[in-house]
1. Look through Val144, Val149 and report the one residue that is over 30 Å from Glu67 (Cα atoms), buried (at least 21 other Cβ atoms within 10 Å of the Cβ) and not assigned by TED's automatic domain parsing to the domain that holds Gly80.
2. For Pro69, indicate whether it is closer than 22 Å to Met241 by Cα, at pLDDT below 90, out of contact with any helix residue (DSSP H, G or I) (no Cβ under 7 Å at 6 or more places or on another chain) and not hydrophobic (A, V, I, L, M, F, W, C).
3. Quick one: which residue in Gly165, Gly117, Gly109, Gly161 is surrounded by fewer than 19 Cβ atoms within 10 Å (Cβ to Cβ) and touching a residue at least 60 places away in the same chain (Cβ under 8 Å)?
4. Only one residue in Ile74, Ile131, Ile65 is surrounded by 14 or more Cβ atoms within 10 Å (Cβ to Cβ), among the β-branched types (Val, Ile, Thr) and in contact with a Phe, Trp or Tyr (Cβ under 7 Å, 6 or more places away or on another chain), so which one is that?
5. Would you be able to say whether some residue in the range 143-151 is hydrophobic (A, V, I, L, M, F, W, C), within 29 Å of Arg91 (Cα to Cα), touching a strand residue (DSSP E or B) at 6+ places or on another chain (Cβ under 8 Å) and modelled with pLDDT of 95 or more?
6. Here is a list: Leu225, Leu201. Which entry is assigned by TED's automatic domain parsing to the domain that holds Leu121 and either touching a residue at least 24 places away in the same chain (Cβ under 8 Å) or touching a Phe, Trp or Tyr at 6+ places or on another chain (Cβ under 7 Å) (or both)?
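The values are calculated or read from the model by the stated rules, or taken from the named source; none is laboratory data. Please read these numbers as outputs of a predicted model, since none were measured by experiment. Here the Cβ positions follow ideal geometry from the backbone for every residue, glycine too, while neighbour counts run over all protein chains shown.
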Amino acid sequence: MAAQKNIGLARALSKLGYCSRTQASILIRAGRVALKGRIVRDPEVAVQMRNDRIGDEIKVDGAPIRETPAVYLILNKPRGVVTTASDEKGRNAVYDLLDPALPWVGPVGRLDKASEGLLLLTNDSEWAAKITDPVRHVDKKYHVQVDCVADDELLAKMIRGQASGGENLRAKAARLLRHGNKNSWLEITLDEGKNRQIRRLLEALNVRVLRLVRVSVGPLELGELKKGATRQLTPDEKKAMDRALRLT
């Protein structure tokens, strides 16, 4: 890592792959982080990121920080699992599914408790921020079961958009996958990430979601990964996402 402009201490811990910025701020305010031998309680105190010195300059609970190799994971999140490190209600969290030997990783965006499917996790906070940046419009595809037999009119309304909670909610694309007598499976593509967007959009159209599964993010696909399982991105998958983010 070449010499960089100064950044806040909490962000430095995140960039080094130690923990999230939120967790870093908590550690700093608790007096557990030292910078150049002095306890610091301000998460925004300036740090210059330099490979040769930064690990010696920052210590957590007396131990020096070393930059962690980047980790990029796909998790098939099961329904009923929350996307948090811990839950005050005692619900199962995605971190319960991870190998304890892994370094800290954070979710790239979220899936709500009732949703399932592809969730990216990484300790590369800048890469994660680029994926969730609304300016980049990374496509996300979902397979969604609804409580009606969808027709062309419903699909067109989803693409045109619907007002809900002061926001205009819309799908980039929507198509019918299959249907039975009383319900349908749709493939819905989003290029923005508003909170509970698909559920709110369909609710505004008087349609109830029965299941919601995210099957892809950009060029990355869930494939045959079992529920609750994780795997590392392949080098080709990482390059493909970087190309989609225009990083290469």
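1. Result: Val144 is the single residue among Val144, Val149 that is over 30 Å from Glu67 (Cα atoms), buried (at least 21 other Cβ atoms within 10 Å of the Cβ) and not assigned by TED's automatic domain parsing to the domain that holds Gly80.
2. The answer is yes for Pro69.
3. None of the other options fit; the residue is Gly109.
4. Answer to the selection: Ile65.
5. Yes: one or more hits.
6. None of the others qualify; the one that does is Leu225.
Rundown of residues vs (1) aliphatic (A, V, I, L, M); (2) at pLDDT below 95; (3) in contact with a helix residue (DSSP H, G or I) (Cβ under 8 Å, 6 or more places away or on another chain), yes/no style:
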position: Leu212; (1), (2), (3): yes, no, yes
position: Val215; (1), (2), (3): yes, no, no
position: Lys238; (1), (2), (3): no, no, no
position: Ala244; (1), (2), (3): yes, yes, no
position: Leu247; (1), (2), (3): yes, yes, yes
